[in-house]
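**Student:** Input: one structure, supplied below.
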Amino acid sequence: MKIKRSERLVDMTDYLLNRPHALIPLTFFAQRYDSAKSSISEDLTILKRTFQDRGIGLVETVPGAAGGAKYIPYILKEAADEFMDEVIEILNNSHRLLPGGYVYMSDILGDPDKLRYLGRLIATQYLNQRVDAVLTVATRGIPIAQAASSYLNVPLVIARHDTNITEGSTVSVNYVSGSSKKIKRMTISKRSLDQGANVLIVDDFIHGGGTINGLTSLIEEFDCNLVGSTFFAEGAYQSGQQNVGNYTSLVKMENRDDGEMRITKGNYDEKIFGPSK
């Protein structure tokens, strides 16, 4: 049964938003709404313009018999800066300072609304790169990694420090913790990654670089490709302590002379949106 255009637009918007990066054939929408492909194309033109004007993302249309429509989420720089300024203000509350030079941020990484923004922000960096999986390590990095994998619409792979019989055969690596200098182990199931997959590392915190080095070693064991690594927070470290490659951080933690911790903007601005003009 045919439905009104206004109803089609609402349903198409919901369908696309819940399936980012998935190519939806025009024939699917035509059959779903009992409408001509020409009408569906007009609807998609409206959505494409509205999504772009509102900073929701891109609606790409692919011509041809195998073509269709694809929603690619992103966030505008102005919206990202406004959101991150708010997060930084919250984190700079002196009551959040914990022993050992850490800052309490579990509530930020447990807030659904903030996680949605963080996921879109991370996904924006990889608009033009193929990502097949997001890799993190249990446990605090899981929420932000899940948010990113949701907007990229790819599987989330979780490395653990212990083995679980439900994982089947596993691959393990030993690595040196950058902060404690202790040897640790992380493991993932052999079924977690396909050979040659493009893998994005997402975690909550980078301090000494040991964890990212361990995750990178796991990626290499699968003959996969590391497309990038993003961390919510970058911790203060001594010169020569951090031994990692290229990465993106959303916030940076610095020790002040008075012993207090100061939270500032990470390097995401240049990494995601490019050099300031």
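**Student:** Any chance you could list P(r) for region 67-215, counting all Cα-Cα pairs in 5 angstrom bins from zero, rounded to whole %?
**Tutor:** 2, 9, 15, 19, 19, 17, 11, 6, 3, 1, 0, 0
**Student:** Name the most mobile residue of Gly55, Gly119, Gly210, meaning the one with the largest mean-square fluctuation, in a Gaussian network model of the chain with Cα contacts below 10 Å.
**Tutor:** Gly55
**Student:** As a check on your grasp of the helix formula, calculate [θ] at 222 nm for the chain: sum -39500 (n - 2.57) over DSSP H runs of n ≥ 4, divide by the residue count, round to the nearest 500.
**Tutor:** On the way: 8 runs with 96 residues, N = 277.
Taking each H run of at least 4 residues, the total per residue is -11000 deg cm²/dmol.
**Student:** Here is a further query. Give, in whole angstrom and from largest to smallest, the semi-axes √(5λ) of the equivalent ellipsoid of the chain, with λ running over the eigenvalues of the Cα gyration tensor.
**Tutor:** Values: eigenvalues 287, 115, 44 Å².
In descending order the semi-axes read 38, 24, 15 Å.
**Student:** Right, here's the next one. Using alpha-carbon positions, what is the distance between the centroids of region 42-66 and region 94-136, in Å?
**Tutor:** Region 42-66 and region 94-136 have Cα centres spaced 28 Å from each other.
**Student:** Gaussian network model of the chain, Cα springs within a sub-10 Å range: biggest mean-square fluctuation belongs to which of Ala123, Ala148, Ala66?
**Tutor:** Checking each option, the largest mean-square fluctuation is seen for Ala66.
**Student:** Using per-residue counts of other Cβ atoms within 10 Å, averaged over each peptide, order 261-269, 77-85 from highest down. Numbers along the way, then the final one.
**Tutor:** Working: 261-269: 17.4, 77-85: 14.9.
Put in order of decreasing packing, that is 261-269, 77-85.
**Student:** Give me the dipole magnitude in Debye, nearest 20, for the chain about the Cα centre, with unit charges on the beta carbon: positive for Lys and Arg, negative for Asp and Glu.
**Tutor:** 620
**Student:** Would you mind counting up the charge near Gly196? Only other residues with Cβ under 10 Å from its Cβ, with Lys and Arg at +1 and Asp and Glu at -1. Could you put the intermediate results ahead of the total?
**Tutor:** Details: positive: none; negative: Asp132, Asp194, Asp223.
Computed value for this residue: -3.
**Student:** Accessible area per residue of region 20-124 at 1.4 Å probe, in Å²? Write out the running numbers ahead of the final one.
**Tutor:** Values: 5410 Å² over 105 residues.
Using a 1.4 Å probe on heavy atoms only, each residue of region 20-124 averages 51 Å².
**Student:** List, in the order given, every pair from Lys4/Lys37; Lys190/Lys271; Lys77/Lys265 whose Cα-Cα distance in the structure shown is over 23 Å. Mind dumping the intermediate values first?
**Tutor:** Values: Lys4/Lys37 15 Å; Lys190/Lys271 32 Å; Lys77/Lys265 13 Å.
Pairs exceeding 23 Å: Lys190/Lys271.
**Student:** For region 144-235, give the percent of accessible area contributed by carbon and sulfur heavy atoms, probe 1.4 Å, rounded to a whole number.
**Tutor:** Working: 1690 of 4130 Å².
Carbon and sulfur: 41 percent of the exposed surface of region 144-235.
**Student:** Also: Among 215-226, 32-43, what's the highest-first ranking by average C-beta atoms within 10 angstrom per residue?
**Tutor:** Values: 215-226: 17.8, 32-43: 14.8.
So the order, starting with the most tightly packed, is 215-226, 32-43.
The values are calculated or read from the model by the stated rules, or taken from the named source; none is laboratory data. All values derive from a computational prediction rather than experimental measurement. Counting neighbours? That spans all protein chains shown, and the Cβs are built from the backbone with ideal geometry, glycine included. Protein only, heavy atoms only, side chains kept; ligands, DNA and RNA dropped before computing areas. Shrake-Rupley method; radii C 1.70, N 1.55, O 1.52, S 1.80 Å.
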